[in-house]
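Participant: I have a structure I would like to understand better, so I am pasting it below and will then ask my questions one at a time.
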Amino acid sequence: MSDSRSSRRTSDRPGGGVRPPGESTGVLVVNAGSSSLKLRLLDPSGGLLWADDRAADDRLDGVFAQVAEFGGVRAVGHRFVHGGPDLLRPTLVDAGVEARLRARTSLAPLHMPAALAGVAAVRAAAPELELAQVACFDTAFHASLPAAASTYAIPARWRERYGIRRYGFHGLSHAYASRRAAELLGPPDPR
């Protein structure tokens, strides 16, 4: 493991966040980037229980043992930079979805292979858990862009033949910022 790894406990729950055995409620979030691997364990309300930052090439050895004290993992969410034209919402990763994502690695060659490796690493680290793994796509937030915003000024035959369109990126961050701003600002003044 790399020296860049930093793990921190963040639970302020009585008993240090320990849950009764068999009551797995946490969601492990895996953000496998081109140069880093960020792991977060969230409780059902989205609160941060545990975090670990590693080098991109680190394995997930010991992660499931570390998060067990917080009640374990119920499911795993993976950030994927690109869902292409048809993966527009969080999607359960099965063999078919994994193959579709693998076919799209050219859309984000530094990020897609890392995210796919994250799916495989979870499977390898805890095969006995048979966890639901869900892919969440940065491009999904922008999927409903109107044609005027998503269409490049190039010949239509190129757009049709090669599937060229503006996708928009960092959508997971935009979605969070939008929700958080609405929470902080409250409902609009009806006047």
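The values are calculated or read from the model by the stated rules, or taken from the named source; none is laboratory data. This is a predicted model, so every value here is computed, not measured. When we count neighbours, we look across all protein chains shown, and the Cβ atoms used for this are built from the backbone with ideal geometry, even at glycine.
Participant: Among the numbered criteria (1) assigned to a helix (DSSP H, G or I); (2) aromatic (Phe, Trp, Tyr); (3) within 27 Å of the chain's Cα centre (by Cα), which one does TRP158 miss?
Facilitator: All conditions pass for TRP158, except number (3).
Participant: Evaluate the stretch 98-111: report whether one residue or more is at pLDDT 95 or above, surrounded by fewer than 16 Cβ atoms within 10 Å (Cβ to Cβ), over 25 Å from TYR176 (Cβ atoms) and among the hydrophobic types (A, V, I, L, M, F, W, C).
Facilitator: yes
Participant: Tell me yes or no: at least one residue of the stretch 52-60 is farther than 16 Å from ALA132 by Cβ, acidic (Asp, Glu), at pLDDT 90 or above and within 17 Å of the chain's Cα centre (by Cα).
Facilitator: Yes: the stretch 52-60 contains one or more residues that are farther than 16 Å from ALA132 by Cβ, acidic (Asp, Glu), at pLDDT 90 or above and within 17 Å of the chain's Cα centre (by Cα).
Participant: Take the residues in the stretch 90-100 that are out of contact with any helix residue (DSSP H, G or I) (no Cβ under 6 Å at 6 or more places or on another chain) and touching a residue at least 12 places away in the same chain (Cβ under 8 Å); name whichever of them is farthest from ALA143 (Cα to Cα).
Facilitator: GLU98
Yes/no matrix, rows are residues, columns are (1) under 13 Å from the mean Cα position of the chain (by Cα); (2) over 29 Å from LEU39 (Cα atoms):
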| site | (1), (2) |
| --- | --- |
| VAL134 | yes, no |
| GLY163 | no, yes |
| TYR167 | no, no |
| SER173 | yes, no |
| TYR176 | yes, no |
| ALA182 | no, no |
| ARG191 | no, yes |
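Participant: Name the single residue, out of those in the stretch 119-128 being part of a helix (DSSP H, G or I) and in contact with a helix residue (DSSP H, G or I) (Cβ under 7 Å, 6 or more places away or on another chain), that is farthest from LEU107 (Cα to Cα).
Facilitator: ALA125
Participant: Being buried (at least 17 other Cβ atoms within 10 Å of the Cβ), over 22 Å from SER36 (Cβ atoms) and out of contact with any Gly (no Cβ under 9 Å at 6 or more places or on another chain) narrows it down to one residue among LEU92, LEU87; which is it?
Facilitator: After applying the criteria, what remains is LEU87.
Participant: Search the stretch 152-178 for residues that are at positive phi and pair each with any residue that is assigned to a loop (DSSP other than H, G, I, E, B) and modelled with pLDDT under 90 when their beta-carbon atoms are under 7 Å apart and the residues are at least 6 apart or on different chains.
Facilitator: Here the result reads GLY163/PRO85; GLY168/LEU145, each pair linking the stretch 152-178 to a residue that is assigned to a loop (DSSP other than H, G, I, E, B) and modelled with pLDDT under 90.
Participant: Let me ask another. Only one residue in ALA135, ALA153, ALA117 is surrounded by fewer than 11 Cβ atoms within 10 Å (Cβ to Cβ), modelled with pLDDT of 90 or more and either closer than 27 Å to ALA65 by Cα or out of contact with any strand residue (DSSP E or B) (no Cβ under 6 Å at 6 or more places or on another chain) (or both), so which one is that?
Facilitator: When all the criteria are applied, what remains is ALA153.
Participant: Can you tell me which of (1) surrounded by 15 or more Cβ atoms within 10 Å (Cβ to Cβ); (2) modelled with pLDDT under 90; (3) within 15 Å of the chain's Cα centre (by Cα) is the one GLY46 doesn't meet?
Facilitator: In the conditions (1) surrounded by 15 or more Cβ atoms within 10 Å (Cβ to Cβ); (2) modelled with pLDDT under 90; (3) within 15 Å of the chain's Cα centre (by Cα), GLY46 misses (1) alone.
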